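The values are calculated or read from the model by the stated rules, or taken from the named source; none is laboratory data. These figures come from a predicted structure and were not determined experimentally. Neighbour counts run over all protein chains shown; Cβ positions are idealised from the backbone, glycine included.
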Amino acid sequence: MKRTLALLALCALLIPAAQAQDSATLKKVRDSKSLALGYRTDAAPFAFKDESGAPTGYSVDLCKRIAAGIERALKLDKLDVKWVPVTAGNRIQQVTSGAVDLECGTTTVTLGRQEQVDFSNLIFVDGGAVLLRGTDGTSRRLSDLAGKSIGVMAGTTTETALRAALKDRLIDAKVVIVKDEPEGLAALEASKIDGLAGDRISLAGLVVRANSATKFAMTGDDFSFEPYGLMMRRDPGFRLAVNRALSQVYRSDAIGEIYGRWFGALGKPGPLLTAMFYLNAFGE
């Protein structure tokens, strides 16, 4: 009986270790002592290149915290973080192929995407809007773009939501595909399109980076709900490690510092975002 109890106790001690080893991604990270993080180069203020060419932004800061958490969890002396540029068009393929372990950008969590990949707990919530020329103080709505053209990036949830909103609201507007947001902004400035659709915060960051805040306004109504997550392959052990690090950030003052660094000029987080932080601050 004593021997049986001792074996049961030993098994209980070994179960957590065995579960951790079940993660193919964490094993890959432990063996290589490196973590591949994908990031968008054109999705300010969430993920972009700074003046020196280094990855930076809100999502990038969160991923840096996650990398540090994984380094501690695996008890590595040093974890080599490799930053891999991705685009809106290839980000899912980069994750599923194994080129990227975790994608740090502005990827909206959808059920359709979860057929191919997995996501962390939410890192941000936003809504789709349209950037317009002119700041005369007039309140604009999506319906004001009837008979006009709206630029949007192909293959994004924004494109799908925009087309659906135009159809549902019987707004006869032309959808024009642009390569990325900077190209869309240039087309808007040159009057090649009448509006540029995107996530509200991303559009605000685009305008700030271009020093063009006085030239543009945004529609007041959102045409979509965009919950962002960090994208990864299906791997429960790795997802748990990512979410554990995120929860630690949300439970501490770190999330306030990170938010303030990138969105402080826009004011405090709104009720929806504050609730998101609170609801994802899981304890151990």
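Checking each residue of the range 258-265 against the condition of being on the phi > 0 side of the Ramachandran plot and not assigned by TED's automatic domain parsing to the domain that holds ARG163 gives no match. Within the range 104-126, how many residues turn out to be within 21 Å of LEU273 (Cα to Cα) and charged (D, E, K, R)? Total satisfying the criteria: 1. Hey, could you check the range 170-183 for residues that are part of a helix (DSSP H, G or I) and either charged (D, E, K, R) or modelled with pLDDT of 95 or more (or both) and say which is nearest to PRO45 (Cα to Cα)? Step by step, filter the range 170-183, then rank; the result is GLU181. Just one of (1) in a strand (DSSP E or B); (2) outside the structural domain of THR156 (by TED's automatic domain parsing) fails for VAL100. It is (1).
Selection of the range 181-202 for residues being within 20 Å of the chain's Cα centre (by Cα) and surrounded by fewer than 17 Cβ atoms within 10 Å (Cβ to Cβ) yields only PRO182.
Selection of helices (runs of 4 or more DSSP H) fully inside the range 189-277 by the criterion of at least 2 residues being more than 30 Å from ILE171 (Cβ to Cβ), out of contact with any helix residue (DSSP H, G or I) (no Cβ under 7 Å at 6 or more places or on another chain) and at pLDDT 90 or above returns 236-251, 254-263. Checking each residue of the range 5-24 against the condition of being at pLDDT 95 or above and either touching an Asp or Glu at 6+ places or on another chain (Cβ under 8 Å) or closer than 27 Å to GLU284 by Cα (or both) gives at least one match. Exactly one residue among PHE225, PHE238 is buried (at least 20 other Cβ atoms within 10 Å of the Cβ) and either outside the structural domain of LEU111 (by TED's automatic domain parsing) or within 30 Å of GLY98 (Cα to Cα) (or both), and that residue is PHE238. Residue check: LEU170 meets all listed conditions (1) without any contact (Cβ under 8 Å) to a residue 12 or more places away in the chain; (2) at negative phi but one, namely (2).
Does VAL152 qualify as being buried (at least 22 other Cβ atoms within 10 Å of the Cβ), of a type outside the set (D, E, K, R) and in contact (Cβ under 8 Å) with a residue 24 or more places away in the chain? Considered against the rule, which asks whether it is buried (at least 22 other Cβ atoms within 10 Å of the Cβ), of a type outside the set (D, E, K, R) and in contact (Cβ under 8 Å) with a residue 24 or more places away in the chain, VAL152 comes out as yes.
Applying a threshold of 8 Å to beta carbon distances and a minimum spacing of six or more residues, or different chains, the list of pairs starting in the range 48-69 at a residue that is of a type in the set (Ser, Thr, Tyr) and ending at one that is part of a helix (DSSP H, G or I) reads TYR58/ILE258; TYR58/TYR259; TYR58/ARG261; TYR58/TRP262; TYR58/PHE263. Under 21 Å from GLN248 (Cβ atoms) and assigned by TED's automatic domain parsing to the domain that holds ARG239: is that true of ILE92 in this structure? Spelling it out, it is not the case that ILE92 is under 21 Å from GLN248 (Cβ atoms) and assigned by TED's automatic domain parsing to the domain that holds ARG239. Among the residues making up the range 71-100, a single one is touching a helix residue (DSSP H, G or I) at 6+ places or on another chain (Cβ under 6 Å) and more than 17 Å from VAL29 (Cβ to Cβ): VAL86.
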